[in-house]
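Read through the structure below, which is laid out as structure tokens, and then see the notes.
Just so you know, all these numbers are worked out from the coordinates, no wet-lab data involved. As the structure is a prediction and not an experimental result, all values here were calculated from the model. Virtual Cβ from ideal backbone geometry, glycine too; neighbours counted across all protein chains shown.
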Amino acid sequence: MTRLLAADPAGIAAAADILRGGGLVAFPTETVYGLGADATDDRAVARIFAAKGRPRFNPLIVHVSDGEAAFRLGRGDARARALASALWPGPLTLVLPAAEDCPISLLARAGLDTVALRVPVHPVAQALLAVAGLPIAAPSANRSGHVSPTTAAHVLDDLSGRIDAVLDGGPCPIGLESTVLDLSGASPTLLRPGGVTVEAIEAVIGPIALAGRSDGSAPRSPGRLESHYAPSLPLRLDVLEVAPDEALLAFGPAPPPAPLAINLSREGDLTEAAAGLYAALRSLDAEARKRGLTRIAVMPIPRRGLGLAIADRLRRAAAPRPPRAELNGG
Ligand code: AMP
Ligand code: MG
């Protein structure tokens, strides 16, 4: 049985108790709902991988209350500290060399000598971290490979009966995962575009590299294989004309006619589009299947600001699907 907990002091206390006892609680953050466990407890972390069906080589982000707590777990240089003071709390994850005697479960780190750290700004996430008094490992609270959840109901759709509780804090304000920046090597490298824009990061530390682009090498982030964030129907991207058997994920003031459509933002606002993206994919998928449509067509989204992260998620949602056992990510 999965308990639905209100995001009030009693619900947060109950959630913290579950975490301290080695259980799993999904909780809201400004990005998406996370599936939390005590990041220092191997068995609790193992339960996250089991509940999600997540491959074990894909490490987890560890959530902490503030920069001070983060830099006890990972070694932060001047760039990390500058980014932390400019952009934490917020949707930025820093991959740092693990501190000596780092207490984070090796399973959460997938055996790496680095650790991915984030300080969320969402008040419910902050309250849970404070009351639990633990670093919380938390990937997105969905079955591996599926669309990420931005409401408690989405979490229950995927994980009801597989986790102990969901803290219901309403819809997530940003709606896209955090930006992941690797600071463990010589040059800062973007591993995943997300809720903090490249422009905002570069304003603090100067130019950053995009993983797997500049030198053609494989991305350094183990969780960055292709198919991910996928609804059940296939996607067709950058569409200007919709086929009769397609539902439309629209963007902007002048969408083409379609038998069924959801517009991410009539005004062409990328922040609004990001916040509604996953909910739109979920409901378009369900409604299109009910009506016998066979595909989701997606209009072009400008690749600037949050549009870079939106385009990244849509490209992965459209990628050829591997057999279930190989599905990567979370
Ligand atoms: P998720 O938890 O599903 O939001 O995904 C977390 C992302 O961070 C995945 O793409 C991981 O591969 C990446 N990540 C987590 N820890 C590390 C690490 N130590 N080194 C590189 N990438 C990491
Ligand atoms: Mg995920």
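Can you compute log10 of I(q)/I(0) for the chain with the Debye formula, treating each Cα as one identical point scatterer, at q = 0.07, 0.09, 0.11, 0.15 Å⁻¹?
-0.26, -0.44, -0.66, -1.24
Could you tell me how many degrees, from 0 to 90 and to the nearest 10, lie between the Cα long axis of helix 42-52 and the main elongation axis, the longest principal axis, of the Cα atoms of the chain?
Approximately 10 degrees, to the nearest 10.
Non-local amide H neighbours of VAL95 (under 5 Å, H modeled in plane, Pro and chain starts lacking H): which ones?
LEU117, LEU181, ASP182, LEU183
Between 0 and 90 degrees, rounded to the nearest ten: what's the tilt of helix 123-132 against the longest Cα principal axis of the chain?
Taking Cα atoms only, the helix is inclined about 30 degrees.
Of all the stretches in the chain, which is the longest one without any exposed loop site, taking GluC sites (Glu not before Pro) in a DSSP loop (any state but H, G, I, E, B) with at most 11 other Cβ atoms within 10 Å? Provide the component values of the computation, followed by the final result.
On the way: sites that count: GLU100, GLU241, GLU267.
Here the longest segment lacking exposed loop sites spans 101-240.
Report P(r) for segment 1-154: all Cα-Cα distances, bin width 5 Å, range 0 to the bin holding the largest distance, values in whole percent.
Per 5 Å bin, starting at zero, the Cα-Cα P(r) for segment 1-154 comes out as 2, 10, 21, 23, 22, 14, 6, 2, 0, 0 percent.
What are the ³J(HN,Hα) values, in whole Hz, obtained from phi via the Karplus relation 6.51 cos²θ - 1.76 cosθ + 1.60 with θ = phi - 60°, for each residue of segment 57-74 in sequence order, with x given for Gly and Pro?
Per-residue couplings from phi come out as 7, 9, x, 10, 7, 9, 9, 9, 6, 7, x, 4, 5, 4, 7, 7, 9, x Hz.
Once phi is turned into ³J(HN,Hα) by the Karplus curve 6.51 cos²θ - 1.76 cosθ + 1.60 with θ = phi - 60°, what whole-Hz value does each residue of segment 286-303 show in order, with x for glycine and proline?
Computed from phi, the couplings for segment 286-303 are 5, 5, 4, 5, 4, 8, x, 6, 10, 7, 10, 8, 10, 6, x, 10, x, 8 Hz.
Around THR40, which amide H atoms from residues at least 5 apart in sequence, or from another chain, sit under 5 Å from its own amide H, with H modelled in the peptide plane?
Correct list: SER105.
Sort 228-238, 187-197 by packing, meaning the average of other beta carbons within 10 Å per residue, with the highest value first. Intermediate results must be reported in sequence, preceding the final value.
Numbers: 228-238: 18.3, 187-197: 21.5.
Result, highest mean first: 187-197, 228-238.
Scale the Cα Rg of segment 62-144 by the rule-of-thumb value 2.2 N^0.38 Å and send over the ratio, two decimals. Intermediate values should be presented prior to the final figure.
Details: Rg = 12.3 Å, N = 83, 2.2 N^0.38 = 11.8 Å.
Output field value: 1.04.
Shape of segment 249-330 from its Cα gyration tensor (a ≥ b ≥ c, root eigenvalues): rounded if a/c is under 1.5, otherwise prolate when a/b > b/c, or oblate?
On the way: a/c = 2.14, a/b = 1.18, b/c = 1.81.
Oblate is the answer for segment 249-330, as a/c is 1.5 or above yet b/c matches or exceeds a/b.
Quick query: amide H of ALA261 versus all other amide H atoms, modeled in the peptide plane; which residues come in under 5 Å with a sequence gap of 5 or more or a different chain?
LEU248
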